[in-house]
1. Within the chain, which is the longest segment containing none of the trypsin sites (Lys or Arg not before Pro) that sit in a DSSP loop and have at most 16 other Cβ atoms within 10 Å?
2. Between Arg115 and Tyr4, what FRET efficiency follows from the Cβ-Cβ distance if R0 is 25 Å, with the result rounded to 0.05?
3. Note down the net charge around Ala22, summing +1 for each Lys or Arg and -1 for each Asp or Glu among other residues with Cβ under 13 Å from its Cβ.
4. Only helical DSSP H runs with n ≥ 4 go in: add -39500 (n - 2.57) per run for the chain, normalise by residue count and round the 222 nm mean residue ellipticity to 500 deg cm²/dmol.
5. Under a GNM of the chain (C-alpha, springs under 10 Å), which listed residue has the highest mean-square fluctuation: Ile60, Ile101, Ile81?
6. What FRET efficiency do you get for Leu143 and Arg88 if R0 is 35 Å and r is their Cβ-Cβ distance, rounded to the nearest 0.05?
7. Could you identify which residue out of Ser84, Ser98, Ser32 has the top mean-square fluctuation in a GNM of the chain using Cα springs shorter than 10 Å?
8. Compute the signed sum of charges (Lys and Arg +1, Asp and Glu -1) over the other residues within less than 15 Å, Cβ to Cβ, of Pro38.
Amino acid sequence: MNKYPEIQIREFAPDDFPAVEAFWNENGLGGSHRGDTPEVICNTIKFGAHLLLMIDDCNILVGTSWLTNDRRRTYLHHFGIAGSHRGRGLAKLLLEKSIEIARADGYQIKIEVHRDNLPALKLYAGAGFCPLGDYDVFIIRDLSAL
């Protein structure tokens, strides 16, 4: 029996981008300002990525999980649940689906999470994720600035 009959998890379609970007911006997960454009999403999907959307029975986007890979490791990012839907176990449901896809793709799975995000740390540890060591993450977003 489905514990959440009002919830559907499906793959991204290009028409979903406005809702996805609004969700990411509202929840601090990304957006065009970070290079998360429809073209980037579609290109990653073309090369084996998955962008999962969690939709409620009112057709409202309440969660996302973007799985990209480098043919060695799956990277789980833009993972989140809308504030209004947190605390119901939906993150666990979305994470289980994400891990199922990573397992089918056959790659290790990695996620970066802020060290102060205790609910996320608990969720990922409960799903079997382990810290990768004492690494800091660095990025250059704007290569033209170099």
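1. 4-70
2. Efficiency computed from Cβ-Cβ geometry: 0.25.
3. Taking every other residue near Ala22 into account, the sum is -4.
4. The per-residue figure over the chain is -9000 deg cm²/dmol.
5. Among Ile60, Ile101, Ile81, the largest GNM mean-square fluctuation belongs to Ile60.
6. 0.30
7. The residue with the greatest mean-square fluctuation here is Ser84.
8. Residues near Pro38 contribute -4 overall.
Bear in mind that the values in this text are calculations on the coordinates, not laboratory data. Quantities reported herein were computed from a predicted structural model and do not represent experimental measurements. Glycine gets a Cβ as well: all are built from the backbone with ideal geometry, and neighbour counts include every protein chain shown.
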